[in-house]
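Reviewing the structure listed below.
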Amino acid sequence: MSTLLTINVKNYQKQTQNFYFFQEPAIYTGGGPVYSNSLYSLSLGNHDDTGAILTFEVNLQYYAGIQQAHALPQVGAASGYASASRAVDLTPRSSGSSPNNSTDATVTPLGLSRAKYEEDVQAGAFRINTPIAGSPPYYNVGSAVAVNGGIVLSNFVQANPNSHTDCQPILKYYVQTGWYTPGNVMNFTQSSRSAAGCDFTGGYTVCDVELDSTGKWSVELG
């Protein structure tokens with residue numbers, strides 16, 4: 001059974017708050033600017049009044065993702081439409097194994113091949129090979145995650161034709177007040193500046209987050 005990373009949020013502000021969740025963008029080699037999507041969003045009442053806790057769960061399994069888009073990414077808009085994902089492994093830092101760290105993209109039909117081993121993928125990363133014709137339509141490729149029962153393209157670059165993109169995911173997630181529909185492009189720099197950060201890179205699997213009555217975050221990892 002795959003490991004789940006869990007974020008539990010309690011709201012101690014008097015009014016009901018909207019919260020959204022997003023991930024630290026991966027490190028990419030190949031492709032253009034990196035874009036981020038919202039992963040999950042929901043409203044939450046005052047904990048003392050309602051007893052409510054908002055739980056966000058993401059599967060530790062890594063996924064490659066591809067998505068067709070009809071326009072360049074715009075903050076607040078859906079990043080794309082038809083999409084596909086494929087479970088992949090990351091290249092280990094030590095040699096001696098042959099992980100399934102690479103997948104080939106197709107556009108007719110849109111999809112990703114079963115993951116296979118490719119020799120020169122950098123440590124901590126997976127590869128998406130993109131023998132794709134020129135745009136438009138555009139094709140986004142990057143890191144997808146299984147969140148609360150569905151798979152969402154978390155962060156991405158626009159694919160270069162007849163090339164490849166290496167993606168090194170980062171296990172750090174954020175909680176922020178406000179609302180971004182899951183799958184919509186968001187401004188990572190602006191949103192993360194005052195967000196609660198949950199850094200799972202040290203092997204933690206649970207992060208308890210509280211928003212107090214003054215708007216201050218507290219974060220406890222376990």
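The values are calculated or read from the model by the stated rules, or taken from the named source; none is laboratory data. None of these values were measured; they are calculated from a predicted model. Heads up, the Cβs are rebuilt from the backbone with ideal geometry, glycines too, and the neighbour counts pull from every protein chain shown. These area figures cover heavy atoms from the full protein model, side chains too; ligands, DNA and RNA do not enter into them. Shrake-Rupley method; radii C 1.70, N 1.55, O 1.52, S 1.80 Å.
Inter-part distance, segment 94-171 to segment 10-77, computed on C-alpha centroids, equals 20 Å. Rolling a 1.4 Å probe across the protein heavy atoms gives the chain an accessible surface of 47 Å² per residue. Each residue of segment 141-147 was assigned a 3J(HN,Hα) from its phi angle through the Karplus expression (A = 6.51, B = -1.76, C = 1.60, θ = phi - 60°), giving 10, x, 9, 10, 9, 8, 10 Hz with x at Gly and Pro. The structure shown yields semi-axes √(5λ) of the Cα gyration tensor in Å, and of the options (1) 32, 20, 13; (2) 35, 20, 15; (3) 40, 17, 15 that calculated value carries the label (1).
Working from Cα pairs under 8 Å separated by at least six residues, relative contact order for segment 109-177 is 36 percent.
Residues whose amide H comes within less than 5 Å of that of Ser163, counting only those at least five positions distant or on another chain, are Thr130, Ile132 (H built at 1.01 Å from N in the peptide plane). On the basis of the beta-carbon distance and an R0 of 41 Å, Thr214 and Ala82 show a calculated FRET efficiency of 0.40. The accessible surface of the chain, taken with every protein chain in place and a 1.4 Å probe, is 48 percent carbon and sulfur. A cysteine counts as unpartnered when no other cysteine's C-beta lies under 4.7 Å of its own; in the chain this applies to Cys167.
Approximating the spin labels as points 7 Å out from Cα along Cα→Cβ, the Asn148-to-Lys14 distance works out to 2.7 nm. Within straight-line reach of Lys10, meaning a Cα separation under 30 Å, sit the following lysines at least 8 residues removed in sequence or on another chain: Lys172, Lys216.
Taking every pair of distinct Cα atoms and averaging 1/r, then inverting, what Kirkwood hydrodynamic radius in Å comes out for segment 57-118? Mind showing how you got there, number by number?
Details: mean 1/r = 0.0741 Å⁻¹.
Evaluated on segment 57-118, it is 13.5 Å.
Annotation: amide H-H contacts under 5 Å for Asn101 (H modelled 1.01 Å from N, sequence separation of 5 or more, or interchain): Asp89, Lys116, Tyr117, Glu118.
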